[in-house]
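A quick write-up on the structure given underneath.
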Amino acid sequence: MANGPAPFSEIGKRARDLLTKDYIFDQKFSLSIPSSTGLGLIATGLKKDEVFVGDVNTNFKSGSAIVDLKIDTHSNVSTKLTVNDVFANTKAVLSFNIPDHKSGKLDVQYLHPHAAIDSSIGLNPSPQLALSATIGSKDLSLGAEVGFNTASALFTKYNAGVAFNKPDFSASLLLADKGETLKASYIHYLDRSDGLAVAAELTHRFSTFENRFVIGSAHSIDPFTVVKTRFANDGKAAFLYQREWRPKSHITLSAEYDSVKNFGQATKFGLGLSLKP
């Protein structure tokens, strides 16, 4: 719903994306091949240290149904079937992995002008259950989520949060990790020609009294180039340069410096290349 609250997983997402999205400190390559017939193909390769892993993902769209099939280098097969508008404003997702016969899961999402509800159940004899809900509007929403393990009869998670969103800023407060962590985030979009945005996130852990603070920025040098920076109070600083050298194809360069480590291990570099013919 355009005017309804976003799902619980969206709380704090705008600031989180600016601070973390597209940063990569390995070598990653992806190739996307769309098709007018509804069948698309995405190949991804990732080199981490001396290990190379990859996967091939194909998706097929027909009406309100989308089928995603992914095969990785270890011959694991992941399948996901998404059906939109099963009922009014309702989406259902069925997923499972092969050969893991206990990995089946059914997710159902319902969006209402004043509420968003997500539910999940594992398709096995002792399923994991999850439920999240937000109420309010697109500007102000309050939500919570719980997870329950039927085998152990224990809660696996219970979190709560509140978000306040406007076109030029977004603020959120999230109580996570079963009440052990408090996260406050804020992002502001400045009215400038370069689209400058700044974001900050403060994390406090009640058990250890540990505080972590991260601040970052993103702005456009030109219509095809984005630069991002990130600084944390633990001594880490990161930089990202992303260039769209052809429509929907871009190259990403990332670097991170950790002032706490010795010089030989302090700097990490990453390269990402995304192609879409």
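Quick look at the values:
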| read-out | value |
| --- | --- |
| Number of the exception - Thr208 against (1) within 18 Å of the chain's Cα centre (by Cα); (2) β-branched (Val, Ile, Thr); (3) in a loop (DSSP other than H, G, I, E, B) | (1) |
| Residue list for segment 104-144, filter: polar (S, T, N, Q), assigned to a strand (DSSP E or B) and touching a residue at least 24 places away in the same chain (Cβ under 8 Å) | Gln109, Gln128, Ser132, Thr134, Ser141 |
| Top-ranked residue of segment 34-55 - restricted to ones that are more than 18 Å from Gly272 (Cβ to Cβ) and in a strand (DSSP E or B), ranked as modelled with the lowest pLDDT | Leu39 |
| Matching residues in segment 235-277 - criterion: being of a type in the set (A, V, I, L, M, F, W, C) and surrounded by 12 or more Cβ atoms within 10 Å (Cβ to Cβ) | Ala237, Ala238, Phe239, Leu240, Ile251, Leu253, Ala255, Ala266, Phe269, Leu271, Leu273, Leu275 |
| Subset of segment 61-89 [more than 24 Å from Ser30 (Cβ to Cβ), assigned to a loop (DSSP other than H, G, I, E, B) and of a type in the set (Val, Ile, Thr)] | Val86 |
| Looking only at segment 140-186, and only at residues there that are over 24 Å from His114 (Cα atoms) and either hydroxyl-bearing (Ser, Thr, Tyr) or within 17 Å of the chain's Cα centre (by Cα) (or both), the one that is surrounded by the most Cβ atoms within 10 Å (Cβ to Cβ) | Lys183 |
| Whichever residue in segment 56-97 is surrounded by fewer than 16 Cβ atoms within 10 Å (Cβ to Cβ) and among the aromatic types (Phe, Trp, Tyr) and, among such residues, is modelled with the lowest pLDDT | Phe87 |
| Those residues of segment 160-196 which are outside any loop (DSSP other than H, G, I, E, B) and free of Cβ contacts under 8 Å to residues at least 24 places away in the same chain, in sequence order | Ala160, Phe169, Ala171, Leu173, Leu175, Ala176, Ala184, His188, Tyr189 |
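The values are calculated or read from the model by the stated rules, or taken from the named source; none is laboratory data. Just so it is clear, the structure is predicted and the values come from calculations on it, not from any experiment. Cβ atoms come from the backbone with ideal geometry, glycine included; neighbour counts cover every protein chain shown.
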